[in-house]
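Right, one structure below, let's go through it.
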Amino acid sequence: LVVKLDGAGPEGNAYNTNPTNGAGFTATGRYGEIQDRIGGMLHIVGQPGFPVVLTSLQDDSVGAGVRPDDTPQVDTNNNGNQRPSSNDWRSIRLDQYSHDRNVEIVLEQESAEATAPGSNATAVTAQFLGELSGDEQSGDDNLRRGFEIHGLLNETNDVDTYSFIGEAGTEVWIDVDRTTYTLDTVIELLDASGNVLARSNSSLDETLDPSLIYTANSFPADQANSMQKSPAPYAPENASGLPKDFGSINSRDAGMRILLDGNAGTRTTYHVRVRSKDALTSGPYEMQIRTREADEFPGSTVRFADIRYAMTGIEVIGLPAHSPLLGEAAEDEVTDGFLANNDSFFPNAITPGQRPQILGNLFDTDRAVLSVAGELSSRGDIDFYEVSLDYVNLDAQSPVSHGSMVFDVDYADSLVRPNSSVYVFDSSGQLLLVGRDS
């Protein structure tokens, strides 16, 4: 894929005012008080040796189409031999509230023109996805919360096998979605020798009758279950009353819930195979391997991309949203007293940037938390932060709306630790609370 862009990005003060002006791609979002908020997401994913090329419209070194004689059309804008330059287009911008869920999006590496059953047909030649975390808290840059695989059964007898490393005892949902009725899938959990441990033919039928899920004699039958875990009153249903599988319009999509076998706590390799039932159908599919019942949405991803002649290749603003090191925000303070700092309670008329740092609305956050990583640079340093309390998307039934809060200072650094104090003021500067030794 080749995409050519034309439109310089803003520079200097213009960037601060309108950072998204110019040609480019932007993923953004809006904060909310729900825990499963999904921001805008951007997936630019190529393949090894076949990157997604994002370049200038003036770049005649690569074609973005073909001519009538089937040769590459390199002079896309038909302006002759022009020289591309830096800032011919803006950037790929992942904004502050864009989606950054730790779920990896994966493209099947097997060629769409490969001869069936294909290069990833067995457990030995399975495409490796990565490592799966055991729970929500243990995920990091190496341990994913899940995988979303975009694959293709290009022939009726094509077989796709994937492997991942997981922790024994972890509950995993394997879910095929976004197929058409031309494809009838089967998913199977395999051992290292390729023997089938568990099999699903139709997640809908197996939700209605879990006994339809096949399990081998060597695999505990109670460790292979239907997709639905929530009790009936809370499980999603279609208008017909049948179980609802989000992302699926095909009643023949396979899916099951597996408890990874092995000694609890040990990490080992597991294999999942996708094929057509009775080798009669073919077509594209999406499959999720995840650790929760609800469907996942992979965070924004740029991988195997060739980015040329942009003002800034990739901009990442305020992410990740819940950093274990920085929290939701970081102190924005400079050492020069004439520039912006958060040392003053009331805004400075001469230097408006000298004012409390705004953290946002506590009642409009997904975790009901606002944390900030700051520093007391000297004994006399005072840091002011401004927090608003406003029910944005909630209709308060009581005329008096209360919200309980905890103000907490943690992770104090250095050998003897700073002896910090917390003071809470109202908007007029009236002192309300003092905290010294928790």
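Computed from the coordinates by the stated procedures, all read-outs in this text should not be read as laboratory data. Fair warning: this is a prediction, and the values are worked out from it, not measured in the lab. Here Cβ is always computed from backbone atoms with ideal geometry, including for glycine, and neighbour counts include all displayed protein chains.
Positive contributions from Lys and Arg (+1) and negative ones from Asp and Glu (-1), summed over other residues with Cβ under 13 Å from the Cβ of Met311, come out at -1.
Each other residue within a Cβ distance under 12 Å of Glu131 adds +1 if Lys or Arg and -1 if Asp or Glu, for a net charge of -1.
Restricting the calculation to alpha carbons of region 230-271 gives Rg and Dmax of 15.4, 43 angstrom.
Across region 104-118, coupling constants 3J(HN,Hα) worked out from phi with the 6.51/-1.76/1.60 Karplus curve, θ = phi - 60°, read 8, 9, 10, 9, 4, 7, 5, 5, 5, 9, 5, 7, 5, x, x Hz, and Gly and Pro carry x. Here each label is just a point 7 Å from Cα along the line to Cβ, and for Ala8 and Ser193 those points are 6.8 nm apart. Packing order of peptides 382-390, 204-212, 157-165, highest average first: 157-165, 204-212, 382-390 (average count of other Cβ atoms within 10 Å over each peptide's residues).
Over region 101-298, the hull volume per residue, using the convex hull of the C-alpha atoms, is 116 Å³. Taking a ≥ b ≥ c as the square roots of the Cα gyration tensor eigenvalues, the chain comes out oblate, since a/c reaches at least 1.5 and a/b does not exceed b/c. So who's got an amide H within less than 5 Å of the one on Gly130, skipping anything under 5 residues away but keeping other chains? H placed 1.01 Å off N, in plane. Residues meeting the amide H criterion: Ile165.
Once the other residues with Cβ under 14 Å from the Cβ of Thr55 are scored (Lys, Arg +1; Asp, Glu -1), what is the net sum? So the environment of Thr55 carries a net charge of -2. Treating each Cα of region 26-72 as one equal point scatterer and applying the Debye formula with no solvent, the log10 of I(q)/I(0) at q = 0.31, 0.33 Å⁻¹ comes out as -1.14, -1.17. Which aspartates and glutamates does Lys4 reach when only Cα atoms under 20 Å apart count, and residues fewer than 8 places away in its own chain are ignored? Within the straight-line cut-off, Lys4 pairs with Asp59, Asp60, Asp70, Asp75, Asp88, Asp306, Glu315. In straight Cα distance, which aspartates and glutamates are under 12 Å from Lys229, not counting same-chain residues fewer than 8 positions off? Lys229 reaches Glu171, Glu293. What FRET efficiency comes out for Asp426 versus Lys244 if R0 is 56 angstrom and r is the Cβ-Cβ distance? Round to the nearest 0.05. Once rounded, the FRET efficiency stands at 0.75.
With the simple spin-label model, which puts each label point 7 Å out from Cα in the Cβ direction, the Thr180 to Arg417 separation comes to 6.4 nm. Site pair Ile382 and Phe345 shows an inter-label distance of 0.7 nm when each label is modelled 7 Å from Cα along Cα→Cβ. Peptides 50-60, 361-371 ranked from most to least packed by the mean count of surrounding Cβ atoms within 10 Å: 50-60, 361-371.
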